[in-house]
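Let me begin by presenting the structure, written as C-alpha cells, before commenting on it.
Every number in this text was worked out from the coordinates using simple rules, so none of it is lab data. Please read these numbers as outputs of a predicted model, since none were measured by experiment. Here the Cβ positions follow ideal geometry from the backbone for every residue, glycine too, while neighbour counts run over all protein chains shown.
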Amino acid sequence: MDEKLMKELGFANLDFLRKERTGAPEAIFCSGKKPEQVAEIMTELMKDGDPIMATRATENDYAAVKKLIPEAVYHEAARIISVNFDAPNEASEEAEGKGLVAVVTAGTADIPVAEEAAVASEMLGLKVDRIYDVGVAGIHRLFEKLDRIRAAEAVIVVAGMEGALTSVVGGLVETPVIAVPTSIGYGANLGGLSALLSMLNSCANGVGIVNIDNGYGAACLVAKMMK
C-alpha cells in the first residue's frame, strides 16, 4: 500500500488524498473512538502541514491529543480540536478576500452546533460572522441584524424547536441558505425531527438542509458553494 495515498493503523485507514479530491482534508469524527485513537489519527494526518480538525471532541479526547501534539487547540463551544490552524482576525490581511458566511442561531442553546459550523467554516477558508439568539420568538432581534446577514455570501441557519427561523431568513435574503436543525426542544421536537421536517417543508426557495446537529456538514456544503 502506498503510504502517500493512505495508511492502515489497524483501527483506521487514513485517507491522505481527500483534500485533493474534495477540497477539504479528512476530518476526524471522535464519537465512538477512544481518545488514544483520535490522538494517533490526528498525529498522522497533521504531517502534511494542512489544518486538521477533530469534531465532536471531548475534554478526554483533547487531553490525549495534547500529549502527542502540544500545539493542538480545543474549541470548547464547537467541540473541535484543531491543529495547524489559527483563525484569522476579520480585520487582518489573512481574512481579506475570503468569502463571508453568516452563522445565525435561533437560540442560545443552538450555539454548540453553530460553533461547530463556524469553526469548521473558518478552517475551510471562510470568514464568519456569528449572529446568535435571533429566533422568531423575538423576531425584532433578527431585523436588527438583517443588514449583517444580507452582507454575507451565504447563510447557515441553526435552529431547534420548530425550526421556523429557516423560512424567515430564507424569505429575506438573496443568498443561499443552509439550514441545520438541532435536537434542542421539548418532547414533540423528537430530537430535532420536527425542526428537520419544518425545514424540508419550507416555502422559502433557495434553502438547503443538512442532518440534525450537523454543523460540520453545513460548513462543508457552504465551502463548496463558495468555491
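General remarks:
- Highest-fluctuation residue, Tyr186, Tyr62, Tyr216 considered, GNM on the chain with Cα pairs under 10 Å: Tyr186
- Between helix 59-68 and the chain: long-axis angle, C-alpha atoms, 0 to 90°, nearest 10: 40 degrees
- Two-site FRET efficiency, Ala151 against Ala109, from Cβ-Cβ distance with R₀ of 30 Å, rounded to 0.05: 0.70
- Most mobile of Asn201, Asn211, Asn84 in a GNM of the chain (Cα contacts under 10 Å): Asn201
- Residue order, fewest to most beta carbons within 10 Å, for Glu71, Glu116, Glu44, Glu26: Glu71, Glu44, Glu26, Glu116
- Nearest 10 degrees, 0 to 90: helix 111-123 Cα axis against the chain principal axis: 60 degrees
- Degrees, to the nearest 10: 35-45 long Cα axis against longest axis of the chain: 80 degrees
- Residue order, fewest to most surrounding Cβ atoms within 10 angstrom, among Cys220, Cys30: Cys220, Cys30
- Cβ-Cβ distance of Arg18 and Ala77, R₀ of 30 Å, FRET efficiency by 1/(1 + (r/R0)^6): the value works out to about 0.70.
- Counting beta carbons within 10 Å around each of Asp213, Asp61, Asp129, Asp147 and listing the fewest first gives the order Asp147, Asp129, Asp213, Asp61.
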